[in-house]
Each structure stands twice: as structure tokens, then as C-alpha cells.
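Notes to accompany the following structure.
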Amino acid sequence: MQYSYLCFTFILLTISFKAPFTTSQKVTCNSNDVRALTSFSSFIDYGLEWNTSDSNCCSWIGVTCHNSTVSIKRVVRLELGSKRLTGLICESLAGLDQLRILNLSQNFLYGSLPSGLFRLQNLEILDLSSNDFVGPIPEGSNLSSIRYINISMNNFNGSVDAALCETSSYIHTLDLANNYFSGEVSANFGRCSPLQQLFLDHNDLSGNFPDSLWQLRDLRILHLQNNLFSGTLTYEIGKFSNLVELDISSNRFSGILPDVFARLKKLENFFARSNNFSGNLPKSLVNSQHTSILNLSNNTLNGPINLNCSAMVHLTSADLGSNNFHGPIPDIISSCQRLTNLNLARNNLGGEVPFGFKNLQALRSLSLSNNSLVNISSALAILQQCRNLTSLFLSLNFHNEQMPRNVNFHFRNLKALVIPYCQLKGSIPSWLSSSKKLQLLDLSWNRLSGTIPFWFHEFKHLFYMDLSNNSFTGEIPMSLTELQGLINMNISSEGLSSGFPLFRAGADGAKYQYKGIWSFRPTLDLSHNKLTGSLWPGFGNLKELHVLKLKENHLSGTIPDSFSGMKNLEVLDLSYNELSGEIPLSLEKLSFLSKFSVAYSQLQGEIPTGGQFLTFPSSSFEGNEGLCGEDRTPCQPRQAPHVQLADKKMTIIGLQFGLGAITGFLLTVTICFISGWVLPKT
């Protein structure tokens with residue numbers, strides 16, 4: 001895409017030098033141009049700031065003119081990109097017969113396009129991308145001077161018409177991506193011989209690899225990804241002798257990759273992920289001297305990984321994940337000195353991490369997940385020497401091994417460490433505390449024990465931590481309420497791109513794919529452990545936190561009112577604990593809360609009914625006998641005690657009073673006789 005933008009800029013500069021805007025004391029627009037622009041403005045509902053009462057249309061925003069006579073000027077450029085325009089494009093715009101550049105991109109224009117717009121003989125650049133245009137491309141296109149066409153990111157449909165480019169001997173870029181074009185690619189595309197860049201990606205195109213494209217010998221960039229193409233790739237692909245970038249990802253291609261890459265001497269970037277390719281890697285591909293980016297992930301390729309890094313001296317990114325490669329990781333990969341991203345995850349690789357990997361000093365992202373690797377201590381000892389390593393993914397390896405406690409390990413530039421599903425034993429190692437730049441940590445689904453270290457607050461940029469499904473004990477460290485990454489989210493994403501898609505298994509067993517580390521929601525997950533103690537009120541300071549899971553521990557005490565301070569919270573799971581007291585009414589302020597559970601605790605009182613609490617199912621509160629309201633037992637209204645004198649008669653003399661009086665009288669008489677007060681003593 002950078003090549004496309006450079007060409008676009010070059011043409012703009014060229015036209016600017018050919019047609020400079022020369023000022024004069026008195027300027028008059030061509031009357032036909034004024035009428036065309038005035039009519040165009042009448043169909044724009046919003047965003048166009050033109051003073052149409054001024055007949056000098058050359059002074060209008062986005063309009064550039066060129067002298068045709070001494071005093072009369074013609075409109076040659078109409079550039080209104082990113083102006084938030086809303087409305088239709090009318091047929092009158094075709095009246096600008098001297099127009100060379102038309103840029104209406106990045107707006108909210110809609111409707112179908114007028115056919116006259118595709119018959120402007122002087123038009124060189126047409127950019128209508130990122131709007132809401134619909135319908136097919138008008139028939140009878142005749143743009144004899146066109147160089148650049150971009151109608152991507154719209155809702156166009158129908159077949160792909162090669163007439164857009166076959167009438168011009170100057171066109172170098174045609175971008176039809178991100179629309180709804182369907183059917184097979186027209187055979188007439190072979191006549192678009194000047195094409196250097198062709199983007200047909202993200203449509204509904206089908207059929208085999210278009211044979212008509214073989215004739216485009218000047219083609220440098222070809223994007224066909226995210227369509228419905230099928231069949232095998234033939235050796236004809238070797239005719240693209242000038243091709244620099246080829247992307248055929250996310251289609252239905254099958255069979256083996258043809259061994260023709262020795263003929264593609266200029267090919268730098270090859271993307272063929274998410275197809276059905278099988279067989280071994282072609283010999284000409286693994287020895288390509290010009291390849292910089294290679295992505296063959298999510299296919300059924302097999303055999304050993306036989307990259308010849310002695311020949312592939314320009315290789316910077318290799319993604320071979322999600323295939324059926326087997327055998328040990330070849331040590332020769334360590335010869336790829338420029339390698340920055342390497343993904344070998346989700347294969348059948350075994351053995352240890354090669355010792356030579358310590359030489360990959362340019363390596364930033366490494367994923368070896370979902371293999372059968374052993375000896376995690378050796379792996380970490382080797383990889384710590386990759387000084388620029390920022391993202392390390394080792395999940396589903398090293399089964400039942402001990403988490404190494406070597407205090408001499410140092411990963412000073414590490415920003416993401418992911419080692420879940422390994423059943424590792426031991427505790428959180430102290431060497432991790434030296435990774436001050438850590439932003440994402442996942443040690444879930446292991447057998448780690450001991451307490452959670454207090455020094456986590458030293459990770460100033462940590463925004464995602466998953467320690468769930470282990471056996472941690474003790475209290476939740478108060479330092480977790482001081483994580484600056486979850487308080488102000490003042491984090492730089494520089495160097496945090498993984499270079500390949502990431503996968504994570506959810507609690508429901510489903511696998512989720514993320515485009516990168518920054519796709520993960522800010523999370524603190526300590527669920528399924530043996531933690532005790534109370535909930536710290538300081539959690540309310542984590543206003544950037546989106547997910548808080550403390551499920552299935554032994555936490556006690558009440559839910560602090562301050563939890564309402566987590567204003568971005570989407571998930572709060574406190575279920576299966578020993579919490580008591582009431583659910584704070586302040587939680588009704590959490591307007592983004594979509595999942596909430598306090599099930600199977602010891603809570604009591606009325607369930608809040610405001611805010612998001614109206615949307616939570618009854619299962620969120622089950623297992624708490626003291627809770628009332630919602631769909632549970634109705635809550636009894638609270639009443640202050642008082643005496644109702646009017647409804648009751650006060651009885652002074654009754655049976656109890658009578659018995660008490662008689663008993664007192666007899667007792668008094670007896671005392672008098674005994675004391676001699678009534679009868680004198682003998």
C-alpha cells in the first residue's frame with residue numbers, strides 16, 4: 001500500500017507543476033463549471049461550505065482551477081476528502097469536462113454513481129473510497145486519461161468490469177477492495193496491461209485463479225485475499241516477473257504450492273494464510289533471496305521446516321503457524337539475522353528450543369505455542385539472550401515441568417509473557433520482577449502455588465494479568481490496587497505488535513483469535529485459586545479495568561462500595577466465595593457492566609434494580625438464601641416499631657395481678673406474726 005500512496009503523491013505533484021494556480025486581479029469561472037458545481041452542492045445535505053453566491057468558483061473550498069484564457073478559468077481539481085459530506089453525487093458533476101483529479105473519499109456519500117462520471121476524458125485520479133455508494137459500476141466506462149482509481153470500502157456489487165482500465169494506456173492502480181463484487185474476474189483484465197497495482201480483496205469473487213491476470217506483466221502488487229477463489233495454483237504464476245507483493249490469503253485454494261518462486265525474483269512479500277495448501281514447502285521458496293515477509297499460516301502444510309536462512313538473508317517475518325509441520329525446530333533458523341517476527345505455533349514440533357536462537361538479536365515476537373517442546377529452563381535461558389524480545393508465547397508446552405527459579409534470568413524488554421496450559425509446578429519466579437516493561441502476563445491453567453508476590457505494583461504498564469486456575473493461597477496483594485496501567489492506561493503500544501494473530505481459549509472452551517496484544521481487554525483474573533481474605537476497597541481506583549474475575553476462591557467480608565469507581569468495568573465475577581453483607585447500590589453506576597455474578601456466596605438483602613442490574617439473569621444471584629427481590633422471594637418492607645394505643649385496651653387488674661396481690665398479703669401477715677409485732681412473744 002505504501003507504493004500506492006507514493007504514486008498517488010507523485011501524480012499530485014506532477015499535476016501541480018503542470019497546472020499551477022496563478023492568481024490574477026479578476027478571475028472568472030467557466031459558466032458550465034459553475035453550473036456543475038452549484039448543482040452538485042444542491043445534492044449535498046451536510047458538510048459542504050461553499051458560498052455559491054460568489055461566481056468565482058475557484059475560491060471555493062477544495063476547488064482548483066487552471067487558466068484556459070486570460071480571464072476564464074476551468075476547474076481541474078475537486079478535492080473534498082474527509083469533509084464529512086453527506087448526500088448524493090448528481091449527473092451534473094460530469095459537466096466538469098476538464099477535471100483531472102476528483103477526490104471525495106472518507107465521507108458519507110451514498111447512492112449509485114452517475115454514468116457520466118466514468119466518461120471524463122481528462123480525469124487522471126478518481127478516489128471515491130470509504131463512502132456508502134451502492135450498485136454496479138456504470139457500463140460504457142471510457143476514462144482514456146485515468147491513472148489511479150480507488151472505489152474501495154463501499155457497497156458496490158455486480159461483476160468486476162475491466163472497462164475501468166482497459167481504455168487507458170496510463171492506468172497503474174485499480175482498487176476495488178472491500179465491496180460486494182461477485183462472480184469470476186473478467187477475461188478482459190488482460191487488456192489492462194499498464195496496471196502495476198490491483199486490489200480485488202475482501203469481495204465475493206469466485207472461480208479459479210484468474211487466468212487473465214497472467215498477462216499483466218508490469219504488475220507489482222496483487223491482492224486477492226478474503227474472497228471465494230478455489231482450485232490449485234499453476235506454474236503460470238511464475239509469469240509475474242515484476243511482482244513485489246502477492247496476497248491470496250483467506251480463500252479456498254488447495255493442492256501444493258508450485259515450485260516457481262525462483263522465477264519471481266522481485267517477490268518480497270508472500271501471503272497465503274488460511275487456505276487448504278498441503279505438502280512440503282517448495283524448494284525455491286525456502287531459498288528465495290528477496291523474500292522479506294512470508295505468511296503461510298493456517299493451512300495443512302507438512303514435513304520439516306526447512307527454511308534456508310543462509311539464502312533468505314532479507315527475511316524479517318515468518319508465520320508458519322497452524323500447520324502440520326513436524327520434527328525438531330531447525331537450528332538453521334538462527335541464521336536469519338534480520339528476523340523480527342517468528343510464529344511456529346500450533347504445529348507438531350518437538351524437542352528443545354535450539355541453542356542458536358540466542359543469536360536472533362533482532363527478534364521481537366516469538367510464538368512456539370501448541371507444540372510438544374520440553375525443557376522450559378533451557379528455553380528461557382536461551383531466549384533471555386534475545387535482547388530485543390518483547391512478546392513471548394510458549395503455551396501448551398513443557399507439560400508438568402517445574403517453573404525455573406533461576407534469579408539470573410533477565411527479560412528486560414519483555415512486554416508480553418504467555419505460558420498458560422502447561423501444568424507447570426512451583427511458584428511465580430522472582431526473576432520476573434526484573435521485567436519492568438511487562439504489560440501482559442498469562443500464567444493461567446498451571447499448577448502454580450504459593451502467594452501472589454507483592455512486587456506486582458512495580459509493573460507500571462501492566463494492563464492484563466491472568467493467574468486463574470492455579471493453586472495460589474493467601475490474601476490478594478494490596479499492590480494489585482496500585483497498578484498504574486489499570487488506573488490511567490498511559491501505555492505506549494510501541495513494540496507490542498505480535499506480528500501474527502493470537503489465540504486464547506475461553507472458559508467455555510471456545511477459542512478466540514485476536515489481531516494483536518492490544519485487542520485484549522484490560523483484565524485482572526484470579527479466579528479458581530485458594531485465595532483468602534477480603535476485597536480491597538482500593539480496587540475502585542482501577543478505573544481502566546474492564547474485566548475483574550475472582551470466582552471460586554475463599555474470599556470473605558463485604559463488597560466495598562468503592563467498586564463503583566471501576567467505571568469501565570464490563571465483567572465482574574465474585575461468585576463461589578464466602579462474601580457477606582449486601583450488594584452495594586453504588587454498583588448501579590457501572591453503566592458498561594454486561595456480566596455480573598455473585599452466585600453461591602452468603603449475601604443478603606435486596607438485589608439492586610437500577611442500571612445494568614435490570615439485564616442480569618437470576619443465575620447471577622443464585623445460591624444466596626439471604627438475597628431477596630428480582631425473581632426471588634419478595635423483600636419484606638421495613639417498618640419502625642410503634643405502639644397502637646387506640647386499638648388495644650390496657651388491662652390493669654387481671655388474673656396475674658390478683659395472684660400476685662394475694663401472695664404478697666399472706667407473706668406480709670406471716671412476717672408480722674413471727675416478729676411479734678401482732679402478738680407478743682412468750
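Computed from the coordinates by the stated procedures, all read-outs in this text should not be read as laboratory data. Remember, predicted model here, so these are calculated numbers, not experimental data. All Cβ positions, glycine included, derive from the backbone under ideal geometry; neighbour counts span all protein chains shown.
Can you sort Val244, Val598, Val134 by how many other beta carbons sit within 10 Å, fewest first? Walk me through the intermediate numbers first.
Numbers: Val244 19, Val598 26, Val134 15.
Lowest count first: Val134, Val244, Val598.
For Leu307, what charge total do you get from the other residues with a beta carbon under 14 Å from its beta carbon, if Lys and Arg give +1 and Asp and Glu give -1?
Values: positive: Lys283, Arg338; negative: Asp319, Asp331.
Local charge sum for Leu307: 0.
Can you sort Lys283, Lys73 so the residue with the fewest Cβ neighbours within 10 Å comes first? If you can, show how the numbers build up before the last one.
Working: Lys283 13, Lys73 25.
The fewest-first ordering by Cβ neighbours comes to Lys283, Lys73.
Taking the Cβ of Gly95 as the center, what net charge do the other residues with Cβ under 9 Å away carry, scoring Lys and Arg +1 and Asp and Glu -1? Let's see the in-between values first.
Working: positive: Arg35; negative: Asp33, Glu91, Asp97.
Local net charge: -2.
Given a Förster distance of 35 Å, report the FRET efficiency between Asn348 and Tyr180 from their Cβ-Cβ distance, rounded to the nearest 0.05.
Working: r = 39 Å, r/R0 = 1.12.
For Asn348 and Tyr180, the calculated efficiency is 0.35.
Where Lys and Arg each count +1 and Asp and Glu each count -1, what net charge lies around Leu480 among other residues with Cβ under 14 Å from its Cβ?
Details: positive: Lys460, Lys549; negative: Glu458, Asp466, Glu475, Glu482, Asp525, Glu544.
Net charge around Leu480: -4.
What do you get for chymotrypsin sites (Phe, Trp or Tyr not before Pro) in the range 120-225 restricted to DSSP loop and a cutoff of at most 14 other Cβ within 10 Å of the site's Cβ? If you can, show how the numbers build up before the last one.
Details: sites: Phe133, Tyr148, Phe156, Tyr170, Tyr180, Phe181, Phe189, Phe199, Trp214; in loops: Tyr170.
Taking the range 120-225 and a limit of 14 other Cβ atoms within 10 Å, the loop chymotrypsin sites (Phe, Trp or Tyr not before Pro) found are Tyr170.
At Gln423 and Thr609, where each label point lies 7 Å from the Cα along Cα→Cβ, what is the point-to-point distance in nanometres?
Inter-label distance under the simple model: 5.1 nm.
With the radius of gyration and the Kirkwood radius both derived from the Cα set of the range 40-141, what is their ratio Rg to Rh? It would help to have the intermediate numbers written out before the result.
Values: Rg = 13.5 Å, Rh = 14.1 Å.
Rg/Rh for the range 40-141 comes to 0.95.
I'd like the FRET efficiency for Ala311 and Ser471, computed as 1/(1 + (r/R0)^6) with the beta carbon distance as r and R0 of 41 Å, rounded to 0.05.
Working: r = 49 Å, r/R0 = 1.20.
The value I calculate is 0.25.
Using only the alpha carbons of the range 250-374, determine the length spanned along each of the three principal axes and report them from longest to shortest in whole angstroms.
Extents along the principal axes, in whole Å: 34, 27, 20.
Students often get this wrong, so check it: of Lys543/Lys589; Lys551/Lys589; Lys436/Lys530; Lys543/Lys595; Lys415/Lys567; Lys265/Lys358, which have C-alpha atoms separated by over 24 Å?
Details: Lys543/Lys589 13 Å; Lys551/Lys589 22 Å; Lys436/Lys530 27 Å; Lys543/Lys595 17 Å; Lys415/Lys567 26 Å; Lys265/Lys358 31 Å.
With Cα atoms farther than 24 Å apart: Lys436/Lys530; Lys415/Lys567; Lys265/Lys358.
Please give, to one decimal in nm, the separation of the simple spin-label points placed at Asp54 and Thr300, each 7 Å out from Cα toward the Cβ.
It works out to 6.7 nm between the two label points.
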